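See structure below.
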Amino acid sequence: MRKSIIVLGILITLVILITACSGTAKNIGGQTVYSPKWYTQTENDIYIFANALGESVNQNVSNDQAEARAYSGIVLSQRAYVETRLHSYLGSAGVDNELITQATNRVVTAIGNSNIIGSKIIERETKFYQDEKIYRTWVQLGIPKANILKELENRLQREEALYSEFKDSQATQLMQKEIRELEERERSKR
C-alpha cells in the first residue's frame, strides 16, 4: 500500500513537471503548431523582448538564425519603446512644437539604429522534428528598459534644443524616476 502511494505521488509530480515545463501546442488548419509559453511575451517589468524562430537541418544554423532574427527584432522593439516613452514624457510636460518634433524623430531614429548595451538571450529552446528532419529554435532576446532610457537620456543631451526644453520640464524628473525604479527592480530580481 505504501509503495502504491509513493508511486502515485511520483507519477503526479512527473505529470505536473512535464506540464509546467512544456510550451503550448495549437491546432491550426488541422496541424499542431508548437511554441514555448514565453514566446509571445513582448515585455515584463524589467525587459523588452524580441522573440524569433530559426529552422534548419543543422542545429547550429537553427540557433544562429533565431538569434539573428531576435537581434533584428529588438531594434524595432527598442525603437517603439523609446518613441512611446519619449512622447509620454514630453506630453506630460506639455512640450510640443515643430523643432521639438524634429529633434524627437532624430533621437528615436538614432536609438532605433543603435546597439544598446545589455541585450541578452533570456530564453532559448530547440526541438528536433524527426518527421521533417529539422531543428526549430525559439529565442527570446531581452534588453533592460533602464538601459534604453539611459541611452535616451544621453541622446537627448546631444540634441540641444530638445534637451533644453526637456530638462526645464518635469519630463526629466519623470524619466530619471523611471530609470531608478527599473534599476531597482532589476537589482531585486538578481
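Values quoted throughout were computed directly from the atomic coordinates according to the rules given, and no laboratory measurement underlies them. Source: prediction; values computed, not measured. Cβ sites come from the backbone with ideal geometry, for glycine too, and all protein chains shown count toward neighbours.
Miscellaneous remarks
- Estimated FRET transfer efficiency (Tyr71, Arg158; beta-carbon r; R0 30 Å; 0.05): 0.75
- Relative contact order of the range 38-183, pairs being alpha-carbon contacts under 8 Å that are 6 or more residues apart, as %: 32 percent
- A Förster radius of 30 Å combined with the Cβ-Cβ distance from Gln173 to Ile134 puts the calculated FRET efficiency at roughly 0.05.
- Label zone at Ile117 (point 7 Å along Cα-to-Cβ), backbone N below 15 Å, the range 152-166: 152-155
- Highest to lowest packing among 180-189, 119-128, 82-91, scored as the average C-beta count within 10 Å: 82-91, 119-128, 180-189
- Percentage of interatomic Cα-Cα distances in the range 38-183 larger than 18 Å: 59 percent
- Neighbours of Gln65 by Cβ distance under 11 Å: Lys/Arg scored +1, Asp/Glu scored -1, total -1.
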